[in-house]
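In what follows, a single structure is set out as structure tokens and then discussed.
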Amino acid sequence: MSFLSVLMAAETAQHAVKTTEPWPIVGSFGVDGPHLLVQLINFAILAFILHRFAIKPALGQMEERNRLIEKGLADAQAATQRLADAQKASDAKLNAASDEAAKILADARHAAKAAVEAAKAEATAAQTEVIAKAKAAIEADRVKMLAEVRGEVSRLVVETAAKVLEQQLDDATRGRLNEAAVKQLAR
């Protein structure tokens with residue numbers, strides 16, 4: 001057989017195949033029915049294996065991750081709520097402590113004011129007592145000084161009288177004259 005006759009036979013065989021296919025256009029693209037069926041079966045087997053061993057476990061892991069993420073978000077939201085509650089509680093305690101501190105400060109100021117007033121009263125009383133003692137001491141010193149001055153004056157009067165009279169007085173006479181002078185000055 002010649003090359004030309006082989007080509008002709010192939011062309012007629014190809015034309016015979018084209019006429020036996022239900023869709024002649026599919027054959028023009030080089031698709032062969034038995035090969036297409038085998039490829040579909042291979043694809044179905046591959047799809048089953050991929051679905052069973054790859055896609056299904058991957059979807060399970062994704063669902064598990066989604067569940068963990070949702071749980072984490074819920075936990076974060078609960079923690080945020082607890083934090084907000086704790087913040088409110090700490091603010092309330094801080095306000096209560098501030099109010100109590102203000103009350104204690106006001107009480108301390110009132111107590112200090114009362115203590116200052118008591119100290120002033122005590123100082124005034126002590127001052128009055130010191131003034132009274134000083135007046136008593138001054139009065140005692142004045143009385144003592146007056147007695148000394150009277151004694152000195154009477155002595156001077158007696159000496160002056162003795163010089164005037166030019167006589168010497170004895171101690172008894174001098175004592176009498178001193179007493180008389182003191183009585184005269186005491187009036």
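Which one of these does Ile25 not meet: (1) assigned to a helix (DSSP H, G or I); (2) modelled with pLDDT under 90; (3) surrounded by 10 or more Cβ atoms within 10 Å (Cβ to Cβ); (4) out of contact with any Leu (no Cβ under 9 Å at 6 or more places or on another chain)?
All conditions pass for Ile25, except number (3).
What is the one condition in (1) surrounded by 10 or more Cβ atoms within 10 Å (Cβ to Cβ); (2) in a helix (DSSP H, G or I) that Pro34 does not satisfy?
(1)
Are any of the residues in the range 99-110 free of Cβ contacts under 8 Å to residues at least 60 places away in the same chain, surrounded by 10 or more Cβ atoms within 10 Å (Cβ to Cβ), over 20 Å from the mean Cα position of the chain (by Cα) and within 30 Å of Leu46 (Cα to Cα)?
No; the residues of the range 99-110 include none that is free of Cβ contacts under 8 Å to residues at least 60 places away in the same chain, surrounded by 10 or more Cβ atoms within 10 Å (Cβ to Cβ), over 20 Å from the mean Cα position of the chain (by Cα) and within 30 Å of Leu46 (Cα to Cα).
Residue-wise test of (1) touching a strand residue (DSSP E or B) at 6+ places or on another chain (Cβ under 7 Å); (2) in a helix (DSSP H, G or I); (3) surrounded by 10 or more Cβ atoms within 10 Å (Cβ to Cβ); (4) at pLDDT below 90.
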site: Ala123; (1), (2), (3), (4): no, yes, yes, no
site: Ala137; (1), (2), (3), (4): no, yes, yes, no
site: Ala140; (1), (2), (3), (4): no, yes, yes, no
site: Met145; (1), (2), (3), (4): no, yes, yes, yes
site: Leu156; (1), (2), (3), (4): no, yes, yes, yes
site: Lys163; (1), (2), (3), (4): no, yes, no, yes
site: Gly175; (1), (2), (3), (4): no, yes, yes, yes
site: Val182; (1), (2), (3), (4): no, yes, yes, yes
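The values are calculated or read from the model by the stated rules, or taken from the named source; none is laboratory data. The structure presented is a predicted model; accordingly, all values stated were derived computationally and were not measured. Because the Cβ atoms are built from the backbone with ideal geometry, glycine has one as well, and the counts that use them run over all protein chains shown.
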